Amino acid sequence: MTATPPSRDLTTAPATAPRTPADPDHQLPEDQGPFAWLKALGPRGRRAFGGAFGGYALDSYDYFTLPLSMVAIAAYFGLDNGQTGLLTTVTLVVSAVGGALAGVLADRIGRVQALIVTVATYAVFTVACGFAPNYETLMVFRALQGLGFGGEWAVGAILVAEYASAKHRGRTLGAIQSAWAVGWGLAVVVYTLVFQFLDADTAWRVMFFTGALPALLVLYVRRNVQDAPEAAEARRKNPDRGSFTAVFKPGLLRTTLFAGLLSTGVQGGYYTLATWVPTFLKNERGLTVVGTGGYLAVLISGAFIGYLTGGYLTDVLGRKCNIALFAVLSAACILAFGAIPEGSNGLLLVVSFPLGFCMSAIFSGFGSFLAELYPTAVRGTGQGFTYNTGRGVGAVFPTLVGFMSDSWGVGGALVFGALAYGIAVIALFGLPETRGRELL
């Protein structure tokens, strides 16, 4: 009698199975040269990379239309710092819902179709923000924009992760993360031009209108991008795909809780800076629109290099070590940035580069780390839920800064960002190292 092998539950099995590419276009070349990670993707993978990179860059662009326009919006509607901070918090909280739903969609209808839905959603409602007649309507439109904004990163990261080789996954996903700096930089350029040539009451609306750009990307993705074949096949065969309950089963519960806590800390620190640095530069350092743009250019340059460097280091040092290193450095940079005395704008400029570098390098391992923590059938659900739950809970930190800035000043209140990074370090103790894992 021959024993029947036990069935395998893909919702709890570790993602360690060897990879045999089913995609005929997915030829893995020799791992040599600085762009071996890109060659290893194969033709289909490179098209997927282009779609995910563009989606995340435009996601970033649409997000930053609000922080860059915040001073003008506050003046137009007569808002205090607490109310303007609440606009960001609402966006991020709703984005947590959108990201979790997008993860489920990615597991149920596929990565590419979910990517199209998220990009179209954030584009439509960013444009709608430009028509808002009052603060309440703006908040509603911004919240709805968050539904798409929250989902794009997780879906795009998973799409590319499932094409990437284990050896280069950190670098590949780090390159995807660098798209955020590209979109941020584009937003700053447009902001500088629009606010220079238009009055502030019109300029902030025009900034939101330019959020229609992602519609062009949807056409590219529909025509050129496909899910990784073997991942799509594994997902279709599993009845638990896209199930929220699956990521809370005993085999994945610990992972889900600690990954959500990790995401809360990292994103709480990041969005504190992303939201309040433009206001800090203008209101507390007295910089002009052009001056603010110059400082942000240094910050963004550091961010772009940080994403690429962090992607390399997460493959060399490991996922956890990379995150811990840059969490500590980011907290130190925040404290230094906020403590620089008034009038020392040259020193402020110097600190802007390492601040952008460190707070971005920490994100480079996120795409690969979260993808490697979950099996294919629930990868979208797990990654979407943990990343965006962290974003939603982490959204409390920008609001705390807004309310505390009235008594502490924006620079002093930035200490809450440093506290958030401390939470991220604590969360790492509950998660395994996944460097080198093949995706199941």
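The values are calculated or read from the model by the stated rules, or taken from the named source; none is laboratory data. Here the structure is a predicted model, which means the values were calculated and not measured. Here the Cβ is made from the backbone with ideal geometry for all residues, glycine too, and neighbour counts use every protein chain on show. The protein model used for the area step is the full one, side chains on, heavy atoms only, and it has no ligands, DNA or RNA in it. Shrake-Rupley method; radii C 1.70, N 1.55, O 1.52, S 1.80 Å.
One table, with the values for the structure above:
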quantity: Residues of segment 247-264 that turn out to be over 24 Å from the mean Cα position of the chain (by Cα) and open to solvent by less than 60 Å² (accessible area, probe 1.4 Å), as a count; calculated: 1
quantity: Spans of helices (runs of 4 or more DSSP H) in segment 106-207 with at least 2 residues under 13 Å from GLY55 (Cα atoms) and either open to solvent by 30 Å² or more (accessible area, probe 1.4 Å) or polar (S, T, N, Q) (or both); calculated: 111-129, 169-197
quantity: Residues of segment 77-88 satisfying the condition of being surrounded by 21 or more Cβ atoms within 10 Å (Cβ to Cβ) and either among the β-branched types (Val, Ile, Thr) or part of a loop (DSSP other than H, G, I, E, B) (or both); calculated: THR84, THR88
quantity: Selection status of THR65, of a type in the set (S, T, N, Q) and modelled with pLDDT of 85 or more; calculated: yes
quantity: Hits in segment 221-240 - residues which are touching a residue at least 40 places away in the same chain (Cβ under 8 Å) and open to solvent by 80 Å² or more (accessible area, probe 1.4 Å); calculated: ARG222, GLN226
quantity: Unmet requirement for THR376, which otherwise passes all of (1) at pLDDT below 75; (2) out of contact with any Gly (no Cβ under 9 Å at 6 or more places or on another chain); (3) of a type in the set (S, T, N, Q); calculated: (1)
quantity: Any hit, segment 347-363, residues being crowded, with 21+ Cβ neighbours inside 10 Å, not in a helix (DSSP H, G or I) and not hydroxyl-bearing (Ser, Thr, Tyr); calculated: yes
quantity: Residue within segment 106-113 that is under 19 Å from LEU373 (Cβ atoms) and charged (D, E, K, R) present; calculated: yes
